[in-house]
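For reference, the structure is listed below as structure tokens.
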Number of protein chains: 2
Amino acid sequence: MTARNTINDVARAAGVSIKTVSRVLNKERYVRADTREKVEAAMLALSFSPSLAARSLAGKRSHQIALIYDNHSPYYIHAVQEGVWARCREAGVRMLAQPADVASETIAAEVGGLIDETHVDGIILSSPVTDCAPVLAELERRGIPFVRISPGTNHALTSSVYMDDVQAADDMTTHLINLGHRVIGFIVGHPNHMASEQRLFGYRRALDRAGIDYEPGLVHPGEFDFASGVVAAHSLLSYPRRPTAIFASNDDMAAGVLTVAHSKGLTLPDDLSVAGFDDTPLAQLVWPPLTTIRQPTRDLAFAAANLLFEKVDGVEHRRLQHELVVRASTARAS
Amino acid sequence: MTARNTINDVARAAGVSIKTVSRVLNKERYVRADTREKVEAAMLALSFSPSLAARSLAGKRSHQIALIYDNHSPYYIHAVQEGVWARCREAGVRMLAQPADVASETIAAEVGGLIDETHVDGIILSSPVTDCAPVLAELERRGIPFVRISPGTNHALTSSVYMDDVQAADDMTTHLINLGHRVIGFIVGHPNHMASEQRLFGYRRALDRAGIDYEPGLVHPGEFDFASGVVAAHSLLSYPRRPTAIFASNDDMAAGVLTVAHSKGLTLPDDLSVAGFDDTPLAQLVWPPLTTIRQPTRDLAFAAANLLFEKVDGVEHRRLQHELVVRASTARAS
DNA sequence: CTGTTAGCGCTTTCAT
DNA sequence: ATGAAAGCGCTAACAG
């Protein structure tokens with residue numbers, strides 16, 4: 001039931017004014033080393049944690065940022081939260097993880113309300129909020145710094161971080177080719193996502209380099225969900241030149257392929273190699289013969305927070321790198 | 001770039017004093033209906049969102065609560081966040097989702113720092129933070145209201161919400177018996193978790209009621225993880241009276257059983273029925289022949305937030321129900 | 001390098 | 001039923 005210690009308590013204990021404590025807290029220059037140490041010792045002794053409320057109210061920084069997300073897979077959301085949180089922790093900044101509903105009429109108002117209520121210094125958007133026009137407009141209107149993680153489209157519009165999807169798909173396809181596959185099926189992702197065409201491009205580029213002809217019948221559209229993976233698998237497995245490997249543009253669809261393969265009594269990977277992107281480790285756990293590209297989601301999120309802090313600190317005036325591309329880790333064989 | 005609207009702007013627009021706006025905001029009594037309406041109209045027109053920083057600083061409530069969690073499965077964390085958030089939303093309270101590391105030496109200090117920094121009105125603990133002694137002690141010391149979701153032990157120590165594990169395991173076992181199974185293997189959970197013995201008890205109670213003798217050889221210890229599921233499955237499947245069904249105390253272990261069954265070429269559910277608790281829907285997706293108890297995680301979290309608000313509002317003085325038990329939904333056949 | 005004085009936007013307490 | 005004044009714990013803008 002001890003009352004919280006304030007900056008006054010620290011100042012008294014250290015025998016300085018509160019302004020000096022404030023200086024130490026904010027790592028301002030012009031504090032003598034021994035003064036700083038005295039203050040730091042007092043802070044520690046009193047286990048002082050400054051009130052964010054008071055800081056937000058008095059200063060121009062709240063030391064808080066918000067991470068806004070919507071219904072992506074729990075694994076994805078978890079990885080994003082972890083990455084952002086890791087960087088926030090280093091920076092002594094609080095992360096406000098905010099669920100949102102991109103389909104809601106009021107989403108822009110809610111984001112606006114969040115900003116007004118919490119005074120957050122900046123915002124990180126994760127998919128699919130990255131492509132929610134009302135939110136983007138609201139943020140732009142307010143001029144609040146924000147960074148998008150793997151936006152589905154328009155990478156260059158604003159600051160964003162994303163992995164090199166072309167290279168990742170190329171890596172995976174090359175891996176399959178090196179395994180001896182020559183007839184490789186491909187399931188394209190949802191047409192609204194930029195990643196979809198990029199992954200398709202990577203697939204084609206790898207085939208091309210290996211001197212394998214591109215065969216349209218081996219490429220099937222998909223929607224990034226389990227059901228479309230099932231449909232695509234059925235179709236591809238009944239194609240005259242039946243593929244010995246199927247590469248799905250994400251792991252929900254890959255799971256669909258696995259299920260179909262299982263139902264047809266195929267042995268993996270002898271009868272069929274299945275490859276995908278790895279959002280949900282459990283798919284591997286339950287059914288190991290799956291080769292995946294591990295998406296660097298956590299690292300992307302970390303990088304996003306990092307980029308955001310630079311913007312908040314106004315680093316952009318000295319030629320900020322607005323586009324940060326994180327290479328996917330190389331294809332990982334099971 | 002529009003500046004935020006403050007309570008002063010609203011007061012001016014409505015032609016009242018800021019105190020009256022404050023009254024409306026806090027739903028205090030003694031505001032004439034037409035005055036209230038005027039104020040509410042002004043709030044809406046200015047899309048006013050009160051600064052939580054100012055409210056926290058001036059008042060005794062911050063209108064924020066924290067949800068603290070550590071490494072449980074992303075699915076679990078996601079469900080918990082969703083449930084808590086849903087209730088917070090209704091109450092106009094902000095949820096601060098906070099990752100923590102129960103193994104860290106400094107976890108109590110970090111939680112204390114969180115409380116001091118954010119002025120949160122209360123805290124929700126999810127497993128395994130529910131059973132982290134330093135955190136519990138710190139919370140107790142500060143006298144801050146908190147609620148635990150499915151604590152591993154000591155349910156009655158403090159306010160907590162949890163499902164009826166005995167009944168759930170009984171339901172599932174009964175379901176298997178109704179399916180015709182008479183030799184049912186059981187994999188016990190981690191010994192540190194109260195749920196483990198409760199589920200075992202439910203299993204035994206159902207057998208008992210059906211007049212089936214309890215057979216110790218059909219019960220194998222486990223640790224709630226994939227690997228121990230694999231070990232247990234191997235053991236159970238080589239038991240002289242080989243079980244026709246295996247009921248695992250959680251789904252990670254059930255996944256282990258599935259993998260073993262697969263590797264032995266068993267057809268499910270003809271050769272073996274596998275049952276478990278459902279934290280991670282993907283297990284079902286990839287390999288449908290699995291029967292699960294759906295844990296009401298989201299509802300528990302919702303109930304936890306609800307209980308916390310009652311404590312924050314001081315309802316406990318009038319005989320608060322400190323223990324809230326949410327029944328598991330009935331066993332769901334695949 | 002350090003201290004003093006004003007507030008930030010609200011809620012509280014006390015008037016009326 | 002409504003308002004006026006004080007102040008929460010900090011930072012900003014000045015002094016020195």
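The values are calculated or read from the model by the stated rules, or taken from the named source; none is laboratory data. This one's a predicted model, so the numbers in the text were calculated from it and none came from an experiment. In this analysis, Cβ positions are derived from the backbone assuming ideal geometry, glycine residues included, and neighbour counts consider all displayed protein chains.
Annotation: A:Ser51 fulfils all but one of (1) within 30 Å of A:Ser127 (Cα to Cα); (2) touching a residue at least 40 places away in the same chain (Cβ under 8 Å); the unmet one is (1). With respect to the numbered conditions (1) buried (at least 18 other Cβ atoms within 10 Å of the Cβ); (2) facing chain B (nearest Cβ under 10 Å), which one is the sole condition not fulfilled by A:Val16? Single failed check for A:Val16: (2).
Specify the residue that is surrounded by the most Cβ atoms within 10 Å (Cβ to Cβ); the eligible residues are those in the stretch A:94-112 that are polar (S, T, N, Q) and over 28 Å from B:Ile115 (Cβ atoms).
Of the residues in the stretch A:94-112, the ones polar (S, T, N, Q) are A:98, A:104, A:106.
Filter again for over 28 Å from B:Ile115 (Cβ atoms), leaving A:104, A:106.
Details: A:Ser104: 13, A:Thr106: 11.
If we take residues in the stretch A:94-112 being polar (S, T, N, Q) and over 28 Å from B:Ile115 (Cβ atoms), then A:Ser104 is surrounded by the most Cβ atoms within 10 Å (Cβ to Cβ).
When you scan the stretch B:83-92, do you find a residue that is within 20 Å of A:Cys88 (Cβ to Cβ) and within 7 Å of chain A (Cβ to nearest Cβ), even just one? Checked the stretch B:83-92: at least one residue is within 20 Å of A:Cys88 (Cβ to Cβ) and within 7 Å of chain A (Cβ to nearest Cβ). Checking the stated criteria, B:Val120 turns out not to satisfy the condition of being over 16 Å from the mean Cα position of the chain (by Cα), more than 8 Å from chain A (Cβ to nearest Cβ) and at pLDDT below 95. Assess whether B:Ile115 counts as being within 14 Å of another protein chain (Cβ to nearest Cβ), among the β-branched types (Val, Ile, Thr) and farther than 19 Å from B:Asp313 by Cα. Judged against the criteria, B:Ile115 is not a match.
Listed here are the helices (runs of 4 or more DSSP H) enclosed by the stretch A:1-86 that have at least 3 residues being away from DNA strand D (no atom under 11 Å from the Cβ): A:7-14, A:33-45.
Does A:Val183 satisfy the condition of being more than 21 Å from the chain's Cα centre (by Cα) and among the aliphatic types (A, V, I, L, M)?
On the way: more than 21 Å from the chain's Cα centre (by Cα): yes; among the aliphatic types (A, V, I, L, M): yes.
So A:Val183 fits the description; yes.
Looking only at residues of the stretch A:257-274 that are more than 12 Å from chain B (Cβ to nearest Cβ) and assigned to a loop (DSSP other than H, G, I, E, B), we find that the one that is farthest from A:Phe226 (Cα to Cα) is A:Asp270.
Across the stretch A:209-225, what is the number of residues that are assigned to a helix (DSSP H, G or I) and surrounded by 13 or more Cβ atoms within 10 Å (Cβ to Cβ)?
Count: 1.
Looking at B:Ile107, is it at the interface with chain A (Cβ under 8 Å from one of its Cβ atoms), touching a helix residue (DSSP H, G or I) at 6+ places or on another chain (Cβ under 8 Å), within 18 Å of B:Val147 (Cα to Cα) and hydrophobic (A, V, I, L, M, F, W, C)? No: the conditions fail for B:Ile107. Among residues of the stretch A:22-65 being more than 12 Å from DNA strand C (Cβ to nearest atom) and of a type in the set (S, T, N, Q), the one that is farthest from A:Arg12 (Cα to Cα) is A:Gln64.
Could you please let me know if A:Ile68 is more than 9 Å from every other protein chain (Cβ to nearest Cβ) and away from DNA strand C (no atom under 13 Å from the Cβ)? Yes, satisfied.
Facing chain A (nearest Cβ under 8 Å) and within 12 Å of the chain's Cα centre (by Cα), is that true of B:Ile77? So B:Ile77 passes the test.
Could you check how many residues of the stretch B:235-251 are assigned to a helix (DSSP H, G or I) and either touching a Leu at 6+ places or on another chain (Cβ under 9 Å) or closer than 14 Å to B:Val274 by Cβ (or both)?
Just the residues of the stretch B:235-251 that are assigned to a helix (DSSP H, G or I), to begin with: B:235-237, B:251.
In the following step, the residues that additionally are either touching a Leu at 6+ places or on another chain (Cβ under 9 Å) or closer than 14 Å to B:Val274 by Cβ (or both) were identified as B:236-237, B:251.
Looking only at that region, the number is 3.
Hey, does the stretch B:26-40 have a residue that's of a type in the set (Ser, Thr, Tyr), touching a Lys or Arg at 6+ places or on another chain (Cβ under 8 Å) and under 20 Å from A:Glu110 (Cβ atoms)? The answer is no, given that none of the residues of the stretch B:26-40 is of a type in the set (Ser, Thr, Tyr), touching a Lys or Arg at 6+ places or on another chain (Cβ under 8 Å) and under 20 Å from A:Glu110 (Cβ atoms). The single condition from (1) under 20 Å from A:Gly112 (Cβ atoms); (2) crowded, with 18+ Cβ neighbours inside 10 Å; (3) more than 12 Å from chain A (Cβ to nearest Cβ) that B:Ala45 fails is (2). Exactly one residue out of B:Val10, B:Val16 is β-branched (Val, Ile, Thr) and more than 8 Å from DNA strand C (Cβ to nearest atom): that is B:Val16. Need pairs with beta-carbon distance below 8 Å; first residue free of Cβ contacts under 8 Å to residues at least 12 places away in the same chain and within 15 Å of B:Glu117 (Cβ to Cβ) and within the stretch A:1-30, second of a type outside the set (A, V, I, L, M, F, W, C) and near DNA strand D (Cβ under 9 Å from one of its atoms); sequence gap 6+ or separate chains. Pairs found: none.
Of all residues in the stretch B:63-110, those that are out of contact with any strand residue (DSSP E or B) (no Cβ under 7 Å at 6 or more places or on another chain), aliphatic (A, V, I, L, M) and touching a residue at least 40 places away in the same chain (Cβ under 8 Å) total 3. Take the residues in the stretch B:225-253 that are of a type outside the set (S, T, N, Q) and touching an Asp or Glu at 6+ places or on another chain (Cβ under 8 Å), then tell me which one is farthest from the other protein chains (Cβ to nearest Cβ). Among them, the one singled out is B:Arg241.
Within the stretch B:234-260, the set of residues being over 19 Å from B:Gly217 (Cβ atoms) and among the aliphatic types (A, V, I, L, M) comprises B:Ala254, B:Ala255, B:Leu258. Touching a residue at least 40 places away in the same chain (Cβ under 8 Å), on the phi < 0 side of the Ramachandran plot and out of contact with any Pro (no Cβ under 8 Å at 6 or more places or on another chain) - does that describe any residue in the stretch A:258-271? No, every residue in the stretch A:258-271 fails to be touching a residue at least 40 places away in the same chain (Cβ under 8 Å), on the phi < 0 side of the Ramachandran plot and out of contact with any Pro (no Cβ under 8 Å at 6 or more places or on another chain).
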